[in-house]
Amino acid sequence: MKTLNIALTGLNNIDSPGPGVPVARALRAGGLKHVRIIGLAYDNLEPGLYMHDLIDRSYQIPYPSAGSEALFNRLKAIHDIEAIDVVIPNFDAELHNFMRISDRLKSELGIHSFLPDHDSFEMRQKSVLAEWGEKLGIKVPTTKPAFSWSEARQMASELGYPLMVKGKYYDAFTAHDADQAAAYFYKLSAKWGLPVLLQQIVKGTEVNVTALGDGTGGCIGAVPMRKMYITDKGKAWAGITLQDDRLLEIARTAINGSRWRGGCELEFIKTHDDQYYLIEMNPRFPAWVYLAVGSGQNHPEALVRLALGESVGPMTRYEVGKMFVRYSYDQIVDLKEYEHINTHGWL
């Protein structure tokens, strides 16, 4: 039987972890036979590079700022060695480049992917999420994009403090006054670019859904989770699967309304009067996606099968009350490995 070579990004399993390591774990745990996993890393200290029980071989790729052509050329060079069958990007900021070259990857190199189209990707952007949610009947907190601090200051006075200040792709901070808002605005604009988002705060319980859309409006799988422990960066460090039919109904409405193709994460606040507010729709699997695997739905495996053109039916059952508890682990690495990836660009 032919070995299936799957390349993936997101190997930075740190305090704000990427999804690549749990996606690799999911592929190892699934029913795919003879899988070989190729890591694609932007930084030489991404921990997944050195997890040889999960990642068979790793390669450096250019940062997203280098553009889609540089990415294509690097993937072609890697493909000439590894014969990649499927590629799974796992970062928001890199998806534009992968989406631009997805057709070329398939037609010229035979590399399959399962990514959203441009319209679907844009309609769930943080800056227009409220407008999109209104069309679908999904509640979204008031969110305003700001392209300058003077503009943000005016918006903040209209929204009132405290409020959330969010980066274009990642990171969010609670600002209690104008001085804090200004500091966060400049920090996030320097890191992720403009616009910076100002968002009304909605109080309640944080509940998330990891899901997989088939690109035609169908939801292949969805598992809801309540955050039990949240880090200072707002990341779930522990969570538990829920029985929440209303939450799943809203998630499926979002998948259908966007004709979403691929993995995604929907972040909600459930208020004390049982109202659900969609905070973000992230365009890739979350770092806690392995909880879905542990509760009975292997979304990464299903994505690979869809990318290869296989028919995959909806997964509707999962175990309620399954928990994940994330932990830190000191991985011991030989300096020669670090030198090798720095010198040769692969490990």
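Read-outs throughout are calculated quantities, based only on the coordinates presented, and are distinct from any laboratory measurement. Not measured: the values here are computed from a predicted model. Cβ coordinates were reconstructed from backbone atoms using ideal geometry, including for glycine residues, and neighbour counts include every protein chain displayed.
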query: In segment 301-340, what residues are among the polar types (S, T, N, Q) and under 23 Å from the mean Cα position of the chain (by Cα)?
result: Thr316, Ser328
statement: Screening Glu265, Glu301, Glu310, Glu337 for residues that are surrounded by fewer than 17 Cβ atoms within 10 Å (Cβ to Cβ), outside any loop (DSSP other than H, G, I, E, B) and not basic (Lys, Arg) leaves only Glu337
- prompt: Of everything in segment 1-18 that's among the hydrophobic types (A, V, I, L, M, F, W, C) and not in a strand (DSSP E or B), which residue is surrounded by the fewest Cβ atoms within 10 Å (Cβ to Cβ)?
  reply: Met1
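For (1) loosely packed, with under 15 Cβ neighbours inside 10 Å; (2) in contact (Cβ under 8 Å) with a residue 60 or more places away in the chain; (3) part of a helix (DSSP H, G or I), each residue gets a yes or a no:
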residue	(1), (2), (3)
Pro141	no, yes, no
Pro145	no, no, no
Gln154	yes, no, yes
Glu158	yes, no, yes
Val165	no, no, no
Tyr169	no, yes, no
Phe173	no, no, no
Val209	no, no, no
Thr216	yes, no, no
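Quick grid of which residues meet (1) buried (at least 18 other Cβ atoms within 10 Å of the Cβ); (2) touching a residue at least 12 places away in the same chain (Cβ under 8 Å); (3) more than 16 Å from the chain's Cα centre (by Cα); (4) within 13 Å of Glu267 (Cα to Cα):
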{"residue": "Lys191", "(1), (2), (3), (4)": "no, yes, yes, no"}
{"residue": "Val202", "(1), (2), (3), (4)": "yes, yes, yes, yes"}
{"residue": "Cys219", "(1), (2), (3), (4)": "yes, yes, yes, no"}
{"residue": "Met225", "(1), (2), (3), (4)": "yes, yes, no, yes"}
{"residue": "Met228", "(1), (2), (3), (4)": "no, yes, yes, no"}
{"residue": "Gln243", "(1), (2), (3), (4)": "no, yes, yes, no"}
